[in-house]
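**Q** Below is the structure I would like to discuss, written out as structure tokens.
The values are calculated or read from the model by the stated rules, or taken from the named source; none is laboratory data. Note that the coordinates shown come from a computational prediction; the quantities given were computed from them, not determined experimentally. For neighbour counting, all protein chains shown are included, and Cβ atoms are generated from backbone atoms with ideal geometry for every residue, glycine included. Surface areas here come from the heavy atoms of the whole protein model, side chains and all, with no ligands, DNA or RNA. Shrake-Rupley method; radii C 1.70, N 1.55, O 1.52, S 1.80 Å.
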Amino acid sequence: MKKHLLFAAFSLLTMAAMAQNTYKGLPVIKATERKVDYRVENIWSRGDWGIAPEISPDVLAIPCFSRTVQFAFYTDIDSIAFPMNSAKVQQFYVLTADNKYALTEIRGFDYKPISFDMAAVKSPRYRFWYEQDKNNEYLARFRSLYPVESLVKGLNSDSAKALRILKWVHDQWKHNGDNEPRKNDAISILEEVKEGKNFRCVEYGIVTTTALNAIGLPARVLALKTKDVETTRSGAGHVLLEVYLRDMGKWVMMDGQFDAMPVLNGIPLNAVEFQQAIVNNYDQLRIRSLSNTDKDKYIMWAYPYLYYFDVSFDNREGIGRKKEMQEGKPSLMLVPIGAKNPSIFQQQWPISNVVYTSSVNEFYAKPE
């Protein structure tokens, strides 16, 4: 009789424990803080996910690199882990400190190709203007204030020079996605950096572009946008730059925030080539970086932004310079074949300053 009572008591305790760890038939983990970490294999994203009970389900999509990966989700006091692949959907609840249940859904995906018009262009419809640095007072002042020429002294290849400049800009401040400068030119930004201020991806793009132009490498700020740019409320854009490497005869993407240059089989890539290489040549793809930027983590972060691409027609340096336009617009946006021409950014700001094209060869025309 005693054994039966002990067994019954043990069974009740076990059932109670199970009840506390499930809700509506799904697993439950607890949290006292709203920010959480998660891990895909050995790739950590720390503090990049926020618990949101008001969103049901709150979906976190993770790349699976065309295989089964181990996923783990960590709150400040609890965790859950399980294998994931691109066909799997896993749900669980996070119980917050104020007793709210946040339905969290993990979806696996594999990177997908997007298509552009790759046809040769005999007569480009659009003209771009790039810095020639002929008696440019602004760039002369930049060179007098910052050691960009000495940084690249003795380097023979354009890619080595560009990487050295990229690392220098990357090290000037820590990323702050919420802080905007008083003025949006490179010298003004760096003056505020001296005051101890930190800035966004936008400012990394601007300063790196100016520094590259100052050493004679044509460069342009490149704005990236996600596929859901019109419908998401935040996180729809990222800004970096592209530089034209004359000794290789091609445009190359560089990210100052992450100190990253994508390379495939030894050849640096532009942003569209980077997107294609992620899908088709992931194992051969490398991230060249003087800061040892992690390939998997950078790609996992950057890939969603590689959908819409836009650049200014006039990329010359100087404050107060009148910018040339095409068709009355200052910028050209590269749009995938069959995709919508976006007209609003993050549900709030109209996109009315771009001409749209799907032609890669128009977008990547050689500088005159």
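**Q** So for S352, S66, what's the accessible-area order with a 1.4 Å probe, most first? It would help to have the intermediate numbers written out before the result.
**A** Values: S352 80, S66 100 Å².
Putting S352, S66 in descending order of accessible area: S66, S352.
**Q** Each residue of the range 343-348 in turn: what ³J(HN,Hα) in whole Hz from Karplus with 6.51, -1.76, 1.60 and θ = phi - 60°, glycine and Pro shown as x?
**A** With the stated coefficients, the range 343-348 comes to 10, 8, 10, 6, 6, 10 Hz.
**Q** What is the calculated FRET efficiency for K323 to K30, with r their C-beta to C-beta distance and R₀ = 41 Å, to the nearest 0.05?
**A** That gives a FRET efficiency of 0.15.
**Q** Let's test the formula: R0 of 35 Å, r as the Cβ-Cβ distance of N156 and D283. What FRET efficiency results, to the nearest 0.05?
**A** Result of the calculation: an efficiency of 0.75.
**Q** What figure, in Å² to the nearest 10, do you get for the accessible area of K112 with a 1.4 Å probe and non-protein molecules left out?
**A** K112 exposes around 130 Å² with every protein chain in place.
**Q** Two decimals, Cα atoms only, Kirkwood Rh: what is Rg/Rh over the range 137-192? If you can, show how the numbers build up before the last one.
**A** Numbers: Rg = 12.9 Å, Rh = 12.8 Å.
Here the Rg-to-Rh quotient is 1.01.
**Q** Just how large is the dipole of the chain about the Cα centre, in debye to the nearest 20, putting +1 at every Lys and Arg Cβ and -1 at every Asp and Glu Cβ?
**A** In total the dipole reaches around 340 debye.
**Q** Further question on the same structure: Which residues' amide hydrogens lie under 5 Å from the amide hydrogen of T22, considering only partners 5 or more residues apart or on another chain, with H built in the peptide plane?
**A** Long-range HN contacts for T22: V28.
**Q** Angle, helix 271-280 long axis vs. longest principal axis of the chain, Cα atoms, 0 to 90°, nearest 10?
**A** Tilt of helix 271-280: around 40 degrees.
**Q** On to the next question. Taking K112 as the anchor, which lysines have their alpha carbon closer than 24 Å to its alpha carbon, excluding any fewer than eight residues away along the same chain?
**A** K88, K225, K227, K295, K297, K340
**Q** For F109 and N135, what does the FRET efficiency come to when R0 = 45 Å and r is the distance between their Cβ atoms, rounded to the nearest 0.05?
**A** 0.30
**Q** A further question follows. So which residue, out of L155, L269, L332, gets the largest mean-square fluctuation from a GNM of the chain using Cα contacts under 10 Å as springs?
**A** In this elastic network of the chain, the residue with the biggest mean-square fluctuation among L155, L269, L332 is L155.
**Q** Okay, moving on. Hey, can you grab everything whose amide H is under 5 Å from the amide H of A260? Only 5+ residues off in sequence or another chain; H modelled, so Pro and N-termini drop out.
**A** Answer set, sorted by chain and number: D255.
**Q** Oh, and also: Quick one: order W301, W168, W251 from most to least accessible surface, probe 1.4 Å.
**A** Per-residue accessible area, sorted high to low, gives W301, W168, W251.
**Q** Another question about this same structure. Checking the cross-link filter: which lysines have an alpha carbon closer than 19 Å to that of K250, excluding same-chain neighbours under 8 positions apart?
**A** Filter leaves K122, K161, K366.
**Q** Could you work out which residue, out of T232, T75, T22, moves most in a Gaussian network model of the chain, that is, has the largest mean-square fluctuation with Cα springs under 10 Å?
**A** Judging by the Gaussian network model, the answer is T22.
**Q** While we're on this one: How big is the charge dipole of the range 216-328 about its Cα centre, in debye rounded to the nearest 20, if each Lys and Arg gets +1 on its Cβ and each Asp and Glu gets -1 on its Cβ?
**A** So the magnitude is around 180 debye.
**Q** For I344, list long-range residues whose amide hydrogen, built 1.01 Å from N in the peptide plane, is under 5 Å from its own amide hydrogen.
**A** I351
**Q** Could you work out how far apart the two model spin labels at W44 and V89 are, taking each label as a point 7 Å from the Cα in the direction of the beta carbon, and quote it in nm?
**A** For the pair W44/V89, the computed spacing is 3.1 nm.
**Q** Under the Karplus relation 6.51 cos²θ - 1.76 cosθ + 1.60, θ = phi - 60°, what is the ordered set of whole-Hz ³J(HN,Hα) values for the range 117-130, x standing for Gly and Pro?
**A** 6, 9, 5, 4, 10, 6, 10, x, 6, 10, 10, 10, 10, 10
**Q** Something else: Once a ≥ b ≥ c are taken as the square roots of the eigenvalues of the Cα gyration tensor of the range 189-342, is the result rounded (a/c under 1.5), prolate (a/b larger than b/c) or oblate (a/b not larger than b/c)? Let's see the in-between values first.
**A** Numbers: a/c = 1.34, a/b = 1.13, b/c = 1.18.
Judged from the Cα gyration tensor, the range 189-342 comes out rounded (a/c under 1.5).
**Q** Step through the residues of the range 71-82 one at a time and calculate ³J(HN,Hα) from phi using the Karplus curve (6.51 cos²θ - 1.76 cosθ + 1.60, θ = phi - 60°), rounding each to whole Hz and writing x for Gly and Pro.
**A** 10, 9, 10, 10, 8, 6, 10, 8, 7, 8, 9, 6
**Q** Let me ask something else about it. Take every DSSP beta bridge whose two residues both sit in the chain, then give the antiparallel share in percent to the nearest 5. Before the final figure, lay out the partial values.
**A** Values: 53 of 69 bridges.
Roughly 75 percent of the beta bridges in the chain run antiparallel, per DSSP.
**Q** While we're here: Running a GNM on the chain with Cα contacts under 10 Å, which residue among V221, V229, V28 ends up with the highest mean-square fluctuation?
**A** Taking springs between Cα atoms under 10 Å, the residue moving most is V28.
**Q** Please report the spacing between the Cα centers of the range 307-368 and the range 44-72 in Å, no decimals.
**A** 32 Å
**Q** State the Cα centre-to-centre distance between the range 76-146 and the range 187-240 in whole Å.
**A** 14 Å
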